[in-house]
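A short write-up of the structure that comes next.
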Amino acid sequence: MSTETPETIIETLYGFLERFPKAAGNLGPDTKLADDLSLDSVNLMELLVEIEDHYDIGLPLNMMGDITTIRDLAAKIAQLVEDRA
Amino acid sequence: MSITARFNEMAQIRDGLRELGADPARIVMERFLSPTEAVIDGRPTILAGTNNYLGLTFDPEIIEAACKAMHEEGSGTTGSRMANGSFSSHAALEEAFARFYDVPSAMLFSTGYQTNLGLLMALLQPGDKVVLDSHSHACIYDGCRISGADFFAFRHNDPDDLRKRLRRLGGAAEGSLVIAEGLYSMWGDTAPLADLCAVAREYGAWFMVDEAHSFGVYGETGRGLCEEEGILDQVDFITGTFSKSLASLGGFCVSRHPELQLLRYGSRPYIFTASSSPASIAAAHAALRAVRARPELKQSLWANARRLHAGLEGLGYRLASGPSPVIAVQVPAHEEAARMWNALLAEGVYVNLVVPPAAPEGASLLRCSLSAAHSFEQIDRIVAAFDAVRAGAATAAAR
C-alpha cells in the first residue's frame, strides 16, 4: 500500500509548480493549470516528465485533456502510484 | 461558451506577435530572384529561412519534368487514390523509393504532415503505447493524439531516459512504438539514432524515424541519418517529406515490413485526401534522381553550413547545435529576438523567428536554414548582417 494520498501529492505538486510566474499566491487544489497558471503545452510536458521521474510512473500525455486542476492531476497520479504498487 | 471563444485565444497569439513587432504572417515573397533570394518589402533579400536544403526549387530538369507531367497528366488528380484511382506516376515514385531504400514497401502521402499523421493514425489504436522524443514535430504529437494511443515523452535525445520510460511500461513495452527524428528542425541537432534504436530493440519496441529534415543531406547516398548511423536494416518505419530537399510537395513512408501496404486500407489521411498532383510527383521524382546522381549538392550544403556556423560562433552568438543545415541562434528574451529578426530583414536577410512554445525549452530562436544554392558571398552577407544587428552594434560603430 502506497503512503501517497491525493492530499500529499497536491503538496508535492505545489513544489513543482511554484517556479512558474503566475504560481505565487495562486496555488490551491482547484487552481487550473492552463487558465490560472498559463502553462502552455511545453510547460505541461516538462512538468509531466518531472512528475513521472519523481513518482516512477508513466503519465500519458493524452490524459491531459481530462485534467484541468491540480486536484485532477493529483488524483491521476495517486491512481497510477496505486496501480504500480 | 461559444465556438467563437477560440477566436479570442488566436487573436491573443496574433496580438502578442504584433506587440513584438514580428508577425510572420506579414512576410510575403513578392518576386523570386533565385532559389536563395527574393524581393520582400520591395527589397532583395537573402533567403536563409527556407528548407530548400539542396537548392533544387529552380532546377531546370525538375521544372521541365513538372511541366511535362502537367501537360501529359493534367493540373490535378481531383481526388484520392482509393476513391478515384492512382496515376502511374504515383506508383512509379513509390517503386523508386522502395528501390532507393531496398525495402519491399513504400507509400506516398499528400504532405509531410499527413505522412506522419496517416502512418500513426493507421498503425495505432487505443491501448497502444508510444514513447516519443519530447522535441517531436507537431504532426507526430497530433497523429498519436488522434489515434487514441497512450503516448509518453522521453527527454530529448536521451537514450537512458527512453530506457527508463520503456521500463515503466512493464510488459506493455514489447510491441510499443518509439519515435525519433533524424535532424530536429528547430535546434538543428541530430538524434543518437543507433543508441535509441538499440534501446527500442532491447525492449521489443518498434522504431520509427522521421527524416523530414535529414533526407538528402545525411548518409552516403542521401537516405538520411538512419543510413549515416548504419541502422537502415533495423528501423521499422522511415518517413520523409518532398517539401525540403526534394523541392516539391508531398511525403513518403518506407518500411522493411511488406505490411506497410495494408495502411492504404486504414489510413484516413491517405484515403480521404486528394493525391499529390502530377507536377508535384514529377518534381519529387526528378529531385530524387538528383539526390542520387549529384552528391556535390550535399557537399555544397555542408560547406555552407560549416561556414555560417563558424561565422556566427565567431561573433559570439549562442548556437543551439553544431554545424548542420539548420543553425539556430538562441536569444533568451523574446523581445530582443523580435528586434533582431526585424533588423535582419532590414539588412536584407530573412531567417525564421521562433518563439516558445514552438521553440523548445524557453529561449527564442533565430533559425537559419542553409541551401546548397547559397554562395559563400551570401553566407558572408548573412554573417555580416548578424554582426550589424547585435545589441549595441550601432552604438559601437558610432563611437
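Values in this text are rule-based calculations from the coordinates and carry no lab data. In this text, all values refer to a predicted model and were calculated from it rather than measured experimentally. Using ideal geometry, Cβ is built from the backbone for each residue, glycine included, and neighbour counts are taken over all protein chains shown.
Ordering B:His213, B:His156, B:His334 by the number of other Cβ atoms within 10 Å of each residue's own Cβ, fewest first, gives B:His156, B:His334, B:His213.
When the GluC sites (Glu not before Pro) in chain A are filtered for DSSP coil states and for at most 10 other beta-carbon atoms within 10 Å of their beta-carbon, no site remains.
For region B:195-264, averaging the sequence separation of C-alpha pairs within contact (under 8 Å, six or more residues apart) and dividing by the residue count gives a relative contact order of 25 percent.
Nearest 5 is fine: what % of DSSP beta bridges in the protein assembly as shown come out antiparallel, could you say?
Numbers: 30 of 48 bridges.
Of the beta bridges lying entirely in the protein assembly as shown, close to 60 percent run antiparallel.
Each of B:Val326, B:Val389 has some number of other Cβ atoms within 10 Å of its Cβ, and from fewest to most they run B:Val389, B:Val326.
Legend: residue pairs A:Lys32/B:Lys164; B:Lys129/B:Lys244; A:Lys32/B:Lys129; A:Lys76/B:Lys164, Cα-Cα distance threshold 22 Å; pairs beyond threshold, A:Lys32/B:Lys164; B:Lys129/B:Lys244; A:Lys32/B:Lys129.
Percent relative contact order of region B:107-221, based on C-alpha pairs within less than 8 angstrom and at least six residues apart?
Numbers: 179 pairs, mean separation 26.8, N = 115.
RCO, region B:107-221: 23 percent.
In terms of its Cα atoms, region B:317-399 spans 37, 32, 20 Å along the principal axes, sorted from long to short. With coordinates expressed along the principal axes, the C-alpha atoms belonging to region B:75-211 extend over 50, 30, 29 Å, beginning with the largest. Taking GluC sites (Glu not before Pro) as exposed when DSSP calls them loop (any state but H, G, I, E, B) and at most 14 other Cβ atoms lie within 10 Å, what is the longest stretch of chain B free of them, the sites themselves excluded? Result, exposed sites excluded: B:221-399. Of the DSSP H helices in chain A, not one has a Cα length along its own long axis of 30 Å or more together with a mean Kyte-Doolittle hydropathy reaching -0.5.
In this Cβ point-charge picture (+1 for Lys and Arg, -1 for Asp and Glu), the protein assembly as shown has a dipole of about 1060 debye about its Cα centre. Only helices enter the 222 nm calculation for the protein assembly as shown: every DSSP H run of n ≥ 4 contributes -39,500 (n - 2.57), and dividing by all residues gives -13000 deg cm²/dmol, rounded to 500. Cα centroid separation, region B:327-363 to region B:283-316: 23 Å. With the cut-off at 30 Å, report for chain B the share of all Cα pairs above it, as a whole percent. Here the tail beyond 30 Å accounts for 44 percent of pairs. The residue list B:Ala83, B:Ser267, B:Ile238 was ranked by how far each Cα lies along the charge dipole of region B:74-293 toward its positive end, using unit charges on Cβ atoms, and B:Ala83 comes out on top. Against the empirical curve 2.2 N^0.38 Å, the C-alpha radius of gyration of region B:257-399 lands at a ratio of 1.38.
Once you charge only the Cβ atoms, +1 for Lys and Arg and -1 for Asp and Glu, what is the size of the charge dipole of region B:74-293 about its Cα centre, to the nearest 20 debye? Let's see the in-between values first.
Details: 18 positive and 24 negative charges, 116 e Å.
Charge dipole of region B:74-293: 560 debye, to the nearest 20.
The trypsin sites (Lys or Arg not before Pro) of region B:356-392 meeting both criteria, a DSSP state outside H, G, I, E and B (loop) and at most 15 other C-beta atoms within 10 angstrom of the site's C-beta, are B:Arg390.
Give me D for region B:1-110 in µm² s⁻¹, whole number, from Stokes-Einstein with Rh from the Kirkwood sum over alpha-carbon pairs, 25 °C and 0.890 mPa s. Mind showing how you got there, number by number?
Working: Rh = 18.7 Å.
The calculation lands on 131 µm²/s.
Charged side chains reduced to their Cβ positions (Lys and Arg at +1, Asp and Glu at -1) give chain B a dipole of some 420 debye around its Cα centre.
For chain B, the share of DSSP beta bridges that are antiparallel, to the nearest 5, is 60%. Here the protein assembly as shown yields Rg over Rh of 0.98, to two decimals, using C-alpha coordinates and the Kirkwood radius. Length, then width, then depth: along the principal axes, the Cα atoms of region A:6-84 run 33, 24, 20 Å.
Ordered by the count of other Cβ atoms within 10 Å of each Cβ, fewest first, B:Thr190, B:Thr239, A:Thr5 give A:Thr5, B:Thr190, B:Thr239.
The value of relative contact order for chain B, using C-alpha pairs under 8 Å at least six residues apart, is 22 percent.
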